[in-house]
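Structure record follows, encoded as C-alpha cells.
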Amino acid sequence: MNAFTVRRVYDDDPSADAGHTRVLVDRLWPRGVSKERAGVDEWLKDVAPSSELRSWYHQDASRYEEFASRYEHELDGAERREAVDHLLEIAADRPVTLVTSVKDLEHSHVPTLVRHLRERGGRRGRRTR
C-alpha cells in the first residue's frame, strides 16, 4: 500500500501531487475554494466524522482524545467502511493525497483517519498474502 499524504486545500498547490489521487476527506466543501483550485479527484464525505460528532467536538476542543476515539468507532461502522475500503483500494495502486480544509491538522479528524487507514491497510495486506 502506498503512503498517504495530507495537505490543506488552502495552502496547497495541486500540481505538487502529480501522480497522486487527491481526495477531499471533509464533510463540507471548503469555503471559498473552487473545484478547479481544490484539484481533487474525489470527494469522500462519508469518511469524515458525522455532523453530530463534529458539532460535539467543536463545542469544546479539549475533548480531542474522546473525539478521536469516537471517530475511530465511526470509521469501524458499516456506514463508513465502504469509503475507507475505497481509499485503501486507491492506495493499493497509487499514492493518495488526503485533502482537508481544517485549520489545525494535528487536532482534527485527519490523524485518526490516516492511522486507521494504515492499520486497516496493514491488516488487509496480511490477509491476502
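The values are calculated or read from the model by the stated rules, or taken from the named source; none is laboratory data. Worth saying up front: this structure is predicted, and the values here are computed from it rather than measured. Neighbour counts are summed over all protein chains in view; Cβ atoms, including those assigned to glycine, are modelled from backbone coordinates with ideal geometry. Remember, those area values only see protein heavy atoms, side chains included, never the ligands or the DNA or RNA. Shrake-Rupley method; radii C 1.70, N 1.55, O 1.52, S 1.80 Å.
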Tensor-based shape of the chain (alpha-carbon gyration tensor, a/c under 1.5 rounded, otherwise prolate or oblate): oblate
Would you please name the trypsin sites (Lys or Arg not before Pro) within the stretch 1-85 that are DSSP coil residues with at most 11 other C-beta atoms within 10 Å of their C-beta? Arg31
Carbon + sulfur, % of accessible area of the chain - ligands and nucleic acids excluded, 1.4 Å: 46
To the nearest Å, what is the center-to-center distance of the stretch 49-127 and the stretch 14-31, using C-alpha atoms only? 15
Normalised by the number of residues in the stretch 8-69, what is the relative contact order in percent for Cα pairs under 8 Å and 6+ residues apart? 31
Note down the relative contact order for the chain as a percent, whole number, built from C-alpha pairs under 8 angstrom at least six residues apart. 41
Value of [θ]222 nm, deg cm²/dmol, for the chain, DSSP H segments ≥ 4, -39500 (n - 2.57) each, nearest 500: -14500 deg cm²/dmol
